[in-house]
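Asker: If you scroll down you'll find the structure; I have some questions about it.
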Amino acid sequence: MRKRWFWGISVLLFGLGIWTLAAETETPSSAEGQRPARPIRLREPIQPRPRVSMSDPNAPIPRPVIRERVQTDAAPLAAFEARHQELIGELTAVLKLAQEENAVKTAEAVQKLIDKHNAEYKQNLELMQQRRAEMQRRIEQRLRERRQQTNADSSAQTQSTESKEDRSKEQPTKN
């Protein structure tokens with residue numbers, strides 16, 4: 001009975017050792033032509049906006065922050081395009097190989113994949129551009145509203161100071 005347990009545990013440990021050794025040697029980073037997977041950053045980190053007082057009409061509008069954000073929107077688009085070009089390049093290489101080997105069905109399937117990915121890319125690109133245009137429109141609308149609000153606040157302040165001056169001028173004449 002003890003011999004069976006001994007041999008069972010030895011075989012289990014031996015198999016586990018072989019399995020871990022095989023797992024270490026088959027990592028994708030060591031394979032030729034492959035690079036390790038890495039997370040894709042779609043957005044650059046956004047800098048915190050400067051605190052603006054809504055009660056102070058003379059507070060500066062944080063325009064530079066908005067401009068920086070609009071300029072960094074090009075980075076996700078470039079990354080998206082680079083990933084698409086890389087994928088299409090790989091599929092094109094497979095297509096050429098299939099055509100060289102006269103694998104008609106495989107070539108047709110790969111061509112369908114290329115067409116599918118191109119259609120998805122165009123659709124996603126249009127969606128990204130629509131979102132960017134919508135965000136730009138919202139930003140411009142907010143800027144116009146803030147300008148109007150600051151103009152209204154400053155004109156209200158000037159009117160109130162003018163009315164106070166008029167009242168002070170009127171008071172000495174009444175006496």
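Asker: Being among the polar types (S, T, N, Q), surrounded by 10 or more Cβ atoms within 10 Å (Cβ to Cβ) and more than 19 Å from the chain's Cα centre (by Cα) narrows it down to one of 141, 130, so name that one.
Answerer: 141
Asker: On the given criteria, is residue 163 modelled with pLDDT of 75 or more and either in contact with a Cys (Cβ under 8 Å, 6 or more places away or on another chain) or of a type in the set (S, T, N, Q) (or both)?
Answerer: no
Asker: Pairs, please: C-beta under 8 Å, at least 6 apart or cross-chain, first residue touching a residue at least 24 places away in the same chain (Cβ under 8 Å) and closer than 12 Å to residue 84 by Cα and in the range 108-124, second assigned to a helix (DSSP H, G or I) and among the β-branched types (Val, Ile, Thr)?
Answerer: 114/88; 114/92; 117/88; 118/88
Asker: With under 21 Å from residue 135 (Cα atoms), of a type in the set (Asp, Glu) and either assigned to a loop (DSSP other than H, G, I, E, B) or modelled with pLDDT of 80 or more (or both) as the only criterion, which of 81, 108 stands out?
Answerer: On inspection, the qualifying residue turns out to be 81.
Asker: Residues in the range 125-148 that are free of Cβ contacts under 8 Å to residues at least 60 places away in the same chain and either over 30 Å from residue 88 (Cβ atoms) or of a type in the set (Lys, Arg) (or both): how many?
Answerer: The qualifying residues number 10.
The values are calculated or read from the model by the stated rules, or taken from the named source; none is laboratory data. All values derive from a computational prediction rather than experimental measurement. Cβ: placed from backbone, ideal geometry, glycine included. Neighbour counts: every protein chain shown.
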